[in-house]
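The structure appears below as structure tokens.
We did not get these values from a lab; they are worked out from the coordinates using the rules stated. Only a predicted model underlies this, so the values are computations on that prediction, with no experimental measurement involved. When we count neighbours, we look across all protein chains shown, and the Cβ atoms used for this are built from the backbone with ideal geometry, even at glycine.
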Amino acid sequence: MEKGLLYPVTNKFRQDQKLDGLWDFKFDPSAEGEKKGWTTGFGDPIKMPVPASFNDFFTDKDSREYTGDFWYAKKFFVPDYMKDKMIELRFGAATHRATVYVNGQEIRSHEGGFLPFTADITTAIKLGEENIVTLKMNNELHRDALPAGDTAILKNGKKMSKPFFDFYNYSGLNRSVHLMAIPKENIYDYSTTYDVSENQATVHYDVKATAGSNFMVSLADEDGQIVATSEGQSGDLVVENPTLWQVRDAYLYTIKFELVENGQTVDEYSDEIGLRTIEVKGHQILVNHKSVYLRGFGRHEDSIYAGRAFDLNVERRDMNLMKWIGANSFRSSHYPYDEQVYKFADREGILIIDEVPAVGFKMAAASFLGGLNQSFFDGDWVDELYKKHIDQVKDMIQRDKNHPSVLAWSLCNEPDTSTDSAVPYFTKLFNDSKELDPEKRPRTFTLNEDDTFEASKCLQFPDLYLLNRYPGWYHKWGYEISDGEAGLRAELDEWKNSDIDKPIVFSEYGADTEPGLHKLPSIMWSEEYQIELLDMFDRVFDSYDFVRGEQPWNLADFQTVEGNMRVNGNKKGIFTRDRQPKAAAFFLKKRWTSLPLDY
Ligand SMILES: CCC[C@@H]1NC[C@@H](O)[C@H](O)[C@H]1C(=O)O
């Protein structure tokens, strides 16, 4: 678990410099980079954009599909005036694992390609001179790592990723790298919880520093007016007549922490927060004690050219599409997204189900690679997998806990929950994650087609249920969709007649749709059929009051492995991969903009 994951800022005491741009890049198929001295740089480099996945830049299949070790290198300068600071490098995402060297000195390693980590390089850098950072990275998939998969060795000796999941194994420095200079005694974490009412809100804060416990704390409104102050390592900020953070009507205050030593401020950290509460009560999801009905999407960080890289332009477009269509939420399927996505959602009043990259914990049908003929949790890889799983749950919650947009934590996507060995795994996971979120937001996982009310042995764990259901596509498809509807209703009747008293959100449903394919009457893959399927699901949702959300799969088309069921990727998008609407977008817009927010 990382000690602190505060987002980099520049202020009187801190400096943040992005090292985005072209880095030196080189494949290392024989894994001999260290032996060849690449820790201090290498000759004949490829100039590689950062942040970006390396895959889609190449014109040859061996490079696009490359699996194994690869290296990045970048020279950077640290001015003399930083001599009293702690110098760190912060990697937003190195997918899937990395070892960091500075001037040839090994600094640290990190496992997990969708969460940030920092490297303290204070003793490795040369002040007032040029330095070099190199990373040895690796993108192999394994059953004891997140996301789960295999790495095959082909007869020609080349390695090949075999994902147990349905998104392309885009790899590289997918998010920005920051060079940070911060005080040697510094603020490294904070958390907030809230009590809100019509005319008063209380922010309960807790702040952590490497030394000292003397803090001055203030809260300012959007006009910069101080509305509350406090002091000490923990305390309350009471706001009279607050403007609460509401769904699709956001308001952000700025909280500011000052670390004080001998009457002098020695470090400062400010962040934007939203005054709101999240609760699950019976079948209801409540924000500020008011029921909310989720409408939105499963998404991917995915776009042409840069693959899984965070792209501010794409995020701006996606947020505008979600506002246009009347959405109020999304799931960060199937991994935590770049922090800037959560900042966007904070600002736009969009709720996020934040998901850790625990995906492929059963051979998803979509991987087309032939299923596991056993329970995933019977494997000899489970102990090692669990260590990485809980570690990434801790880092996800540590990183994202202060965002008002975060509604819930999804601890897994479509795991095997219908076998006996799943029960001890999830018992441990839900016990070990219970205290991680100061706000105690709901924890859950998505239930795959096979993990029905009847079949799943793990319904006791989630605080709300996320159902991924595909009648009309993966079964009972085409003209048989009426049987699909009947089956869906039969399962929901079981939920209805049970003593389960928690909300149900449909977190996936949909149909692959080729944009521009029209057929009257409809046929699968046509835009008409996608609407027919959505319309069927909407009829079902509107028949059960404990269905408290609908998030069709997916916001946009996205890249997957090659397969005989994929036409250059997954086409279940409501929008195309270049973010243009299919007919279904107008169908959903009509439905969602007619629903009141708390429908
Ligand atoms: C029946 C499983 C459906 C599957 N669920 C996980 C997503 O990551 C996939 O894209 C989706 C699909 O196959 O469309």
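Taking every pair of alpha-carbon atoms in the chain, what share in percent sits in each 10 Å bin, from 0 to the bin with the longest distance?
Over the chain, the share of Cα pairs per 10 Å bin runs 3, 16, 27, 27, 18, 8, 1, 0 percent.
Say R0 is 35 Å: what FRET efficiency, to the nearest 0.05, do Lys323 and Phe546 get from their beta-carbon distance? Walk me through the numbers before you get to the answer.
Details: r = 27 Å, r/R0 = 0.78.
With a Förster radius of 35 Å, E is 0.80.
Please list 3J(HN,Hα) in residue order for the stretch 562-575, calculated via the Karplus relation 6.51 cos²θ - 1.76 cosθ + 1.60 where θ = phi - 60°; whole Hz, with x for glycine and proline.
Those phi angles translate into 5, x, 7, 10, 10, 9, 6, x, 7, 10, 7, x, 7, 10 Hz.
A 32 angstrom limit on the alpha carbon distance is what I want to check against. Which of Lys136/Lys582; Lys323/Lys387; Lys136/Lys440; Lys388/Lys572; Lys74/Lys394; Lys61/Lys428 exceed it?
From Lys136/Lys582; Lys323/Lys387; Lys136/Lys440; Lys388/Lys572; Lys74/Lys394; Lys61/Lys428, over 32 Å: Lys136/Lys582; Lys323/Lys387; Lys136/Lys440; Lys61/Lys428.
With θ taken as phi - 60° and the coefficients 6.51, -1.76 and 1.60, list the Karplus ³J(HN,Hα) couplings across the stretch 197-210 in order, rounded to whole Hz; mark glycine and proline as x.
Those phi angles translate into 9, 4, 10, 7, 9, 10, 9, 8, 10, 9, 10, 10, 9, 5 Hz.
Above 37 Å lies some portion of the pair distances; for the stretch 289-594, what is it as a whole percent of all C-alpha pairs?
That fraction is 10 percent.
Can you list residues from other chains, or at least 5 along the same chain, whose modelled amide H is less than 5 Å from the amide H of Asn186?
Those qualifying (amide H under 5 Å, at least 5 residues apart or on another chain) are Thr210, Ala211.
Report the paramagnetic label zone for Leu312: residues of the stretch 178-217 whose backbone N is under 18 Å from a point 7 Å from Cα along the Cα-to-Cβ axis.
Once the point is set 7 Å along Cα→Cβ of Leu312, 178-180 turn out to lie under 18 Å by backbone N, inside the stretch 178-217.
Taking all pairs of different Cα atoms in the stretch 142-236, averaging 1/r and flipping that mean, what Kirkwood radius in angstroms comes out?
Radius from the Kirkwood sum: 18.7 Å.
Ranking Tyr474, Tyr7 by Cβ neighbours within 10 Å, fewest first, what do you get? Please list the in-between numbers first.
Details: Tyr474 14, Tyr7 17.
Fewest to most other Cβ atoms nearby, the residues stand as Tyr474, Tyr7.
Which FRET efficiency value, to the nearest 0.05, is calculated for Lys184 and Lys457 with the Förster distance at 41 angstrom and r the Cβ-Cβ distance?
E(calc), rounded to 0.05, equals 0.20.
Quick check: net charge around Pro29, other residues with Cβ under 15 Å of its Cβ, Lys/Arg +1 and Asp/Glu -1?
Local charge sum for Pro29: -1.
How many nm is it between the label spots at Asp62 and Ala220, if each spot is 7 Å from the Cα in line with the beta carbon?
Between Asp62 and Ala220, the label points sit 5.7 nm apart.
Give the whole-number value, in cubic angstrom per residue, of the convex hull volume spanned by the C-alpha atoms of the stretch 222-339.
Working: hull volume 21.7 nm³, N = 118.
Cα-based convex hull of the stretch 222-339, divided per residue, equals 184 Å³.
Order the peptides 306-315, 107-116, 57-66 from the highest to the lowest mean number of other Cβ atoms within 10 Å of their residues.
Values: 306-315: 20.4, 107-116: 21.9, 57-66: 13.3.
Ranked by mean Cβ neighbours within 10 Å, highest first: 107-116, 306-315, 57-66.
Distance between the C-alpha centers of the stretch 462-505 and the stretch 61-82? Whole Å please.
The stretch 462-505 and the stretch 61-82 have Cα centres separated by 46 Å.
Fewest first, what order do Met524, Met1 take by the number of other Cβ atoms within 10 Å?
Arranged by neighbour count, lowest to highest, Met524, Met1 become Met1, Met524.
With θ set to phi - 60°, apply the Karplus curve 6.51 cos²θ - 1.76 cosθ + 1.60 along the stretch 74-91 and write out the HN-Hα couplings as whole Hz, x wherever there is a Gly or Pro.
Listing the rounded values in order: 8, 8, 8, 10, 10, x, 4, 5, 8, 4, 8, 9, 8, 9, 10, 10, 10, 9 Hz.
What order, most packed first, do the peptides 377-386, 316-325 have when packing is the mean number of other Cβ atoms within 10 Å of each residue?
The densest-packed peptide leads the list: 316-325, 377-386.
Rounded, prolate or oblate, given the Cα gyration tensor of the stretch 410-539, with a/c below 1.5 counting as rounded?
Verdict is prolate for the stretch 410-539.
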